[in-house]
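The values are calculated or read from the model by the stated rules, or taken from the named source; none is laboratory data. Predicted, not measured: the structure shown is a model, and the values here were computed from it. Neighbour counts are summed over all protein chains in view; Cβ atoms, including those assigned to glycine, are modelled from backbone coordinates with ideal geometry. Please note that ligands, DNA and RNA were not included when accessible areas were found on the heavy atoms of the full protein model with its side chains. Shrake-Rupley method; radii C 1.70, N 1.55, O 1.52, S 1.80 Å.
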Amino acid sequence: MALILNEEQSMLRDSARGLISDKAPVSHLRQLRDSKDETGFSRELWNTFAEMGFSGLLVSEQFGGSGLGAVEAGIVMEEIGRTLMPSPFLATSVLAASALSRGGSEAQKSQHLPRIADGSLLAALAVDEGAKHRPLQTRMQAIRSGNGFKLNGDKALVVDGHTAGLLIVAARTAGSAGEKNGVTLFLVDPKAKGIARERTIMVDSHNAARIVFDSVEVNADSVLGEVDQGYPLLESVLNVGRGAVASEMVGLSEEVFGRTVAYLKERKQFGKPIGEFQALQHRAAQLYIDIEITRAAVLKALQALDADLANAGSAVAVAKARAGTTATLAVQEGVQMHGGMGMTDQFDIGFFMKRARVCQELFGDSNFHADQLARAKGY
Amino acid sequence: MADLEKFRSETRAWLEQNCPPEMRKPMTSDGDTFWGGRNAKFSSEPQRVWFERMRDKGWTVPHWPKEYGGGGLDGEEAKILRQEMAAIGARQPLTSFGISMLGPALLKYGTEAQKKEHLPKITAGLIRWCQGYSEPNAGSDLASLQTRAESDGDDFIINGQKIWTSYANYADWIFCLVRTDPVAKKHDGISFILFDMTSKGVSTKPILLISGYSPFCETFFDNVRVPQSHVVGTINRGWDVAKYLLQHERAMISGMGERGVGRPLGQIAADSIGADAQGRLDDAVLRSQIASFEVDEAALAAAAERAVDLAKAGQAHPAFSSAMKYYGTELNKRRYEILMSAGGIDALEWESERSRGGARPRAWLRTKANSIEGGTSEVMLGIVAKRILDLPGA
């Protein structure tokens, strides 16, 4: 398969770019932040996403979606990254749709997937517990109780957790932190007794929550996939999410870079555009090269996810690690090369820096993924 | 698609049957590379067998037209052949500057007679070429070159000196940049010309490098007579040919280094440093350097694959090979810094049999030229800034 977009994928990119750049430029995020919007996203825009078929991109046609893959999800995420649009797309259409499609029973799929596709159901994946992403270290307890389980524990950085109508929760039914065996995924109603949700206002003005589970009862039907054997499913879903976030970072990096190069051509000091200075030219060229190489690595990972999900781990680790370092460099150079203006809230560049920091942490930062790669290679 | 799958399975079967087991092992020394030429010697019988089988199949240069001794494969087929060769670790049967540099320039700018004369001898490994570009006072500022070619009837008389001419002492022919108009602006008076290294007045002198090897030469021209019909492209428009060729040279250099073959770098390091109880390399800082290196290496491999696909689709920027050259060479230098650190004291031996004649430190020192030859990293960044980013005054 060629490592470029095909015609249909290019068309998808154009339509996503058209919609997002028109309806949700960076000013859209700024307005949601400044108005202290309760949900932190635009429901109206989400309905448009559903009408255009984006919300059900990964949902099979049988359940009302388009049945497309990680490459297409990445295309939409990249456009989201360009304007920093806060959208339920990642949590609902990528993570939850993947989890339900791959792990769900027929009943679970037919209950939830059509509602994801038509935009009426928002969902969230609750994995992280500590300061860093360590899914294998999942400690949250799910103890057998009657016909079901009782959940106890805390989850953090649950993307869209405050607005979700369905939570997918990783908990431990056996084993201890660090073991793959014993992790189980649950579908949980966020309105269930014992759940406390706190929306966390984040540095990037995007949406996440901390969720406390205090003896939350769920029945046996709420298990997604197999009891004790949920880790491979979780890892697959996380890998699709990592590919998606890496794509978002490619879009973000390219947008920051484009704005920065434009500024280098326009800003004059010492009587000439600062882009004439070789010190800046070489740094801009290095950043361009970095972004292009990362773009290839990310597309490679997305194609690997579609071709053979179970064996895409190393390609995904490379993509997420690269995308993290590239985005970090892009926003740092972006602010630095904009000089004092880059430090002002009035300029958009700072928004990109803030979002890049969150994307780094989401589902494992560059260090985490470089370490994963090293382990996979046996050193 | 079905045709391609058929091609893949036939190719796989053919390689399986025809590639000797010895030619599927990673190369360990310079002698493992077969360069062809009038004085070519095979370092082993399997090397000869492998070369001849591939030559007869047209696969020394699979994507060149059959009429010039190539395999006539299209882009997809050539990619499949590369993948299948990589899958069994098959070595390149023939390496030459004729394939990687001159050939593409001749295919674009050469006359039919020039193509017929030179390309089949390249694919058959009969003629080994060298590149006469740099001069003592024309390095990064290549277009200021001073070697002059003066008209004399149907010939040019060439006088001057080249430097850093790779393997000039082994080469049969040279493709050379000469000044044919000393008055014109520096880019407008250059011609691209081909001649035999046995011509009267050509002499070479190897340059001893820090690695202890002499892959480069000084090359002197003293009244060398060359027919004007040996100019490729138009007289005084040789800079266009030179630049086009450089794109290919840079693409080649960016691919130097043994990416993704053999054992992972971390395991090579663990051989000498050891591992902790969890099986992790017993040098946490080096381990993290290796891990980031391998992330970047895998990403570059994807970018190289994508560059080929973009070119095929007509979406490639012509200056992108400069970007790849920059990144590939800097990465290869990082690789050898890691290998030296991983080898520690053992990697310091220069002459023992144990160290295969100091293979590692010599290779480490050799990589330092990667970011200089074919255009320095700084020149590459300048090209990206000017031609791709369109920054002012670059």
Open item on the list: How would chain A be classified by its alpha-carbon gyration tensor: rounded, prolate or oblate, with rounded meaning a/c under 1.5 and the a/b versus b/c comparison settling the rest?
Closed with: prolate
Open item on the list: If amide hydrogens are placed 1.01 Å from N in the peptide plane, which non-local residues have theirs closer than 5 Å to the one on B:Phe34?
Closed with: B:Thr95
- [ ] Scan around B:Phe216 for amide H atoms under 5 Å from its own, H built in the peptide plane at 1.01 Å from N, and keep only partners 5 or more places away or cross-chain.
- [x] B:Tyr167, B:Ile207
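What part of the accessible area of the protein assembly as shown, given as a whole %, is carbon or sulfur when the probe is 1.4 angstrom? Show your work: numbers first, answer last.
Working: 16630 of 33010 Å².
Ligands and nucleic acids excluded, carbon and sulfur give 50 percent.
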Task: Only Lys, Arg (+1) and Asp, Glu (-1) charged, at Cβ; the range B:129-237 dipole about Cα centre in debye - done: 200
Open item on the list: Among B:Phe156, B:Leu286, B:Leu73, which residue has its Cα furthest toward the positive end of the charge dipole of chain B, with +1 on Lys/Arg Cβ and -1 on Asp/Glu Cβ?
Closed with: B:Phe156
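Run through the range B:5-80 and list the chymotrypsin sites (Phe, Trp or Tyr not before Pro) located in a DSSP loop whose Cβ has at most 15 other Cβ atoms within 10 Å.
Values: sites: B:Phe7, B:Trp14, B:Phe34, B:Trp35, B:Phe42, B:Trp50, B:Phe51, B:Trp59, B:Tyr68; in loops: B:Phe34, B:Trp35, B:Phe42, B:Trp59.
Counting only loop positions with at most 15 other Cβ atoms within 10 Å, the chymotrypsin sites (Phe, Trp or Tyr not before Pro) in the range B:5-80 are B:Phe42.
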Open item on the list: Just to make sure I understand: if all protein chains stay in place, what is the order of A:Arg355, A:Arg30, A:Arg134 by accessible area at 1.4 Å, largest first?
Closed with: A:Arg134, A:Arg30, A:Arg355
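Kirkwood hydrodynamic radius (Cα pairs, Å) of chain B?
On the way: mean 1/r = 0.0441 Å⁻¹.
One over the average 1/r among Cα pairs gives 22.7 Å for chain B.
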- [ ] Return the long-range amide H neighbours of A:His133 (sequence gap of 5 or more, or a different chain), with a cut-off of under 5 Å between placed amide H atoms.
- [x] A:Gly364, A:Asp365
TODO: Could you calculate the contour length gain from B:Asp141 to B:Tyr213, that is, 0.36 nm times the residue separation minus the distance between their Cα atoms, to one decimal place in nm?
DONE: 23.3 nm
Open item on the list: What distance in nm separates the two pseudo spin-label positions at A:Phe270 and B:Arg82, each 7 Å out from Cα along the beta-carbon direction?
Closed with: 4.2
Task: Residue-by-residue Karplus 3J(HN,Hα) for the range B:138-150, coefficients 6.51, -1.76, 1.60, Hz, glycine and proline x - done: 9, x, 4, 8, 4, 5, 8, 4, 10, 4, 10, 10, 9
Task: Label point distance in nm, B:Gln161-B:Ser43, each placed 7 Å from Cα along Cα→Cβ - done: 3.2
Open item on the list: With a 10 Å cut-off between alpha carbons and a GNM built on chain B, which of B:Glu330, B:Glu351, B:Glu373 moves the most?
Closed with: B:Glu351
Open item on the list: With a cap of 10 neighbouring Cβ atoms within 10 Å, and only residues DSSP puts in a loop, list the trypsin sites (Lys or Arg not before Pro) found in the range A:268-297.
Closed with: none
Task: Net lengthening on full extension, B:Ile372/B:Thr198 (0.36 nm per residue, minus Cα-Cα) - done: 59.8 nm
- [ ] Give the shape of the range B:112-226 as rounded, prolate or oblate, defined through the alpha-carbon gyration tensor: a ≥ b ≥ c are the square roots of its eigenvalues, a/c under 1.5 means rounded, and otherwise the shape is prolate if a/b is larger than b/c and oblate if not.
- [x] oblate
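Using the Cα centre as the reference, give the magnitude of the dipole from point charges on the C-beta atoms of chain A (Lys, Arg: +1; Asp, Glu: -1; all else neutral), rounded to the nearest 20 debye. List each step's numbers first, then the result.
Working: 40 positive and 44 negative charges, 187 e Å.
With Lys and Arg at +1 and Asp and Glu at -1, about 900 debye.
Taking all protein chains together and a probe of 1.4 Å, list B:Ser44, B:Ser322 from the most accessible to the least accessible. Before the final figure, lay out each step's value.
On the way: B:Ser44 40, B:Ser322 5 Å².
Per-residue accessible area, sorted high to low, gives B:Ser44, B:Ser322.
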Open item on the list: Which of the three applies to the range A:289-379, rounded, prolate or oblate, going by the alpha-carbon gyration tensor with a ≥ b ≥ c and a/c under 1.5 meaning rounded?
Closed with: prolate
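How much accessible area is lost when chains B and A come together, counting both sides, with a 1.4 Å probe, in Å² rounded to the nearest 100?
On the way: alone 19750 and 16550 Å², together 33010 Å².
Adding both sides of the contact gives about 3300 Å².
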TODO: Take each uninterrupted DSSP H stretch in chain B, measure its Cα extent along the helix axis, and return the ones at 15 Å or beyond whose mean Kyte-Doolittle hydropathy is at least 0.0.
DONE: B:284-312
Open item on the list: Rg and Dmax in Å for the range A:86-215, alpha carbons only: what are they?
Closed with: 14.2, 43
- [ ] Give the residues of the range B:217-238 whose amide nitrogen is closer than 17 Å to a point set 7 Å from the Cα of B:Ser151 in the direction of its Cβ.
- [x] B:226-238
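As an exercise, identify the trypsin sites (Lys or Arg not before Pro) in the range A:153-258 lying in DSSP coil whose Cβ has no more than 11 other Cβ atoms within 10 Å. Mind showing how you got there, number by number?
Values: sites: A:Lys155, A:Arg172, A:Lys180, A:Lys191, A:Lys193, A:Arg197, A:Arg199, A:Arg210, A:Arg242; in loops: A:Lys180, A:Lys191, A:Lys193.
In loop regions of the range A:153-258 (DSSP not H, G, I, E or B), the sparsely surrounded trypsin sites (Lys or Arg not before Pro) are A:Lys191, A:Lys193.
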TODO: Give the residue from A:Ala304, A:His338, A:Leu362 lying farthest towards the positive end of the charge dipole for the range A:232-376; charges sit on Cβ (+1 for Lys and Arg, -1 for Asp and Glu) and the dipole is referred to the Cα centre.
DONE: A:His338
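Using the Kirkwood formula on the Cα atoms of the range A:3-79, what hydrodynamic radius do you get, in angstrom to one decimal? Write out the running numbers ahead of the final one.
Working: mean 1/r = 0.0735 Å⁻¹.
Roughly 13.6 Å, rounded to one decimal.
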TODO: Provide the solvent-accessible area of A:Glu8, counting protein heavy atoms only and rolling a 1.4 Å probe, rounded to the nearest 10 Å².
DONE: 130
TODO: Please get the size of the charge dipole for the range A:234-346, origin at its Cα centre, with Cβ charges of +1 on Lys and Arg and -1 on Asp and Glu, quoted in debye to the nearest 20.
DONE: 360
